[in-house]
Amino acid sequence: MFRNRTSEFIDAHEYPATTEELIEAYGDRDLDLPNGSEQLGDVLGRLEGETFESADDAQLAVYSAVSDKAVGRVGYSDRDPTPLGSPYAPVPMSF
C-alpha cells in the first residue's frame, strides 16, 4: 500500500513492536504522498509509545497519523455544504 516498499519492511518486522523500534529501523524512509512526502519516523513520532501486535496494526496506525499531505484537497467534501466564512469556500460566480 505504501510506495518505496515501506509496507514490505513493516510486514517483515517482528511483532509485537513498539513505535520506537519501528522508528529506529525504518524512520528514515520517505512516504510518497499525493501532496509531497514525509519521513516514516515523523509519522510514527506522532503516535507516542504505541505497541503494535501485528503489521496490520502498524500500517493502520501510520495511515491514521500521516499529515494533510496525504489528503487530496484539504477541507473538501462533496457531501456537506461549505460553512459560511470558511477559507475553503468556493469563489462565487455569476452565470
- Query: So who's got an amide H within less than 5 Å of the one on residue 39, skipping anything under 5 residues away but keeping other chains? H placed 1.01 Å off N, in plane.
  - Reply: 31
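Please give the calculated 222 nm ellipticity per residue for the chain, where each DSSP H segment of at least 4 residues contributes -39500 (n - 2.57) and the sum is spread over every residue; nearest 500 deg cm²/dmol? Walk me through the numbers on the way to the answer.
Working: 4 runs with 32 residues, N = 95.
Taken over the chain, the calculation gives -9000 deg cm²/dmol.
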- Query: To the nearest 10 square angstrom, what accessible area does residue 80 show with a 1.4 Å probe?
  - Reply: 100 Å²
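Report in % the part of the accessible area of the chain that belongs to carbon and sulfur, leaving out ligands and nucleic acids; probe 1.4 Å.
C and S atoms contribute 50 percent here.
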- Query: By how many degrees, between 0 and 90 and to the nearest 10, does the Cα long axis of helix 55-65 differ from the longest principal axis of the chain?
  - Reply: 30 degrees
- Options (1) 1.40; (2) 1.77; (3) 1.08 - which one matches Cα Rg over 2.2 N^0.38 Å as calculated here: (1)
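The values are calculated or read from the model by the stated rules, or taken from the named source; none is laboratory data. This one's a predicted model, so the numbers in the text were calculated from it and none came from an experiment. When the accessible area is computed, the model is the full protein with side chains, heavy atoms only, and any ligands, DNA or RNA have been set aside. Shrake-Rupley method; radii C 1.70, N 1.55, O 1.52, S 1.80 Å.
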